[in-house]
Amino acid sequence: MTAPPFDTVDVIGRRHRLQEHAGQVVLVNVWATWCAPCRKEMPELDRLYQKRKNQGLMVFGLSTEGADVQRTVAERLSVTYPLLTTEGAVPDIYRTTARYPANFLIDREGRLQPAPSTEQPFEKLEAAVDALLRGAR
């Protein structure tokens, strides 16, 4: 399935569109500031982003919460990947999740790929990202 496109702004006002990342592996992490597992996972996601961004990985955090509250958490956790708001065109698939955090993996061709459950060890997500970076499906 082709990943539904989004066009929105991050917490510092920069515009981000999914189509701008064609050819990259994109991980969209849906999170909330009140979610302890989300806050625990964010530093791990940031380390993964820092290690793999030069190989073609892009990570986005996405929250329905306001930019100010997201920015505060990001600063406290030293998160460097963009945190998106839902102020623009963000399809429901990314907005409405039954549990937090939720991860969406998008391959280099723009297709949604299975993402390990956030209840599994983080290494499973890292392995899935690495497989997509190598071109596996």
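Here, each number is a calculation from the coordinates, and none is a lab measurement. Note that this is a predicted model, so its numbers are computed, not measured. Glycine also receives a Cβ, built like all others from the backbone with ideal geometry; neighbour counts cover every protein chain displayed.
Annotations for the structure displayed:
- Rg/Rh (Cα only; Kirkwood hydrodynamic radius) as it applies to the chain: 0.92
- Charge context of ASP46, other residues only, Cβ under 13 angstrom, K/R +1, D/E -1: +3
- Amide hydrogen neighbours beyond the local backbone of ARG111, cut-off 5 Å, H modeled: ALA3
- J(HN,Hα) series, the stretch 31-46, from Karplus relation 6.51 cos²θ - 1.76 cosθ + 1.60, nearest Hz, glycine and proline x: 9, 8, 5, 7, 8, 4, x, 5, 5, 5, 6, 4, x, 5, 4, 5
- Neighbours of ASP10 by Cβ distance under 15 Å: Lys/Arg scored +1, Asp/Glu scored -1, total -3.
- Once the Cβ-Cβ distance of SER117 and ILE12 is raised to the sixth power relative to R0 = 30 Å, the FRET efficiency obtained is 0.45.
- Cα gyration tensor category, rounded, prolate or oblate, for the stretch 20-64 with a/c compared to 1.5: oblate
- Between ASP68 and GLU44, the modelled label-to-label distance comes to 3.2 nm, taking each label 7 Å out from Cα in the direction of the beta carbon.
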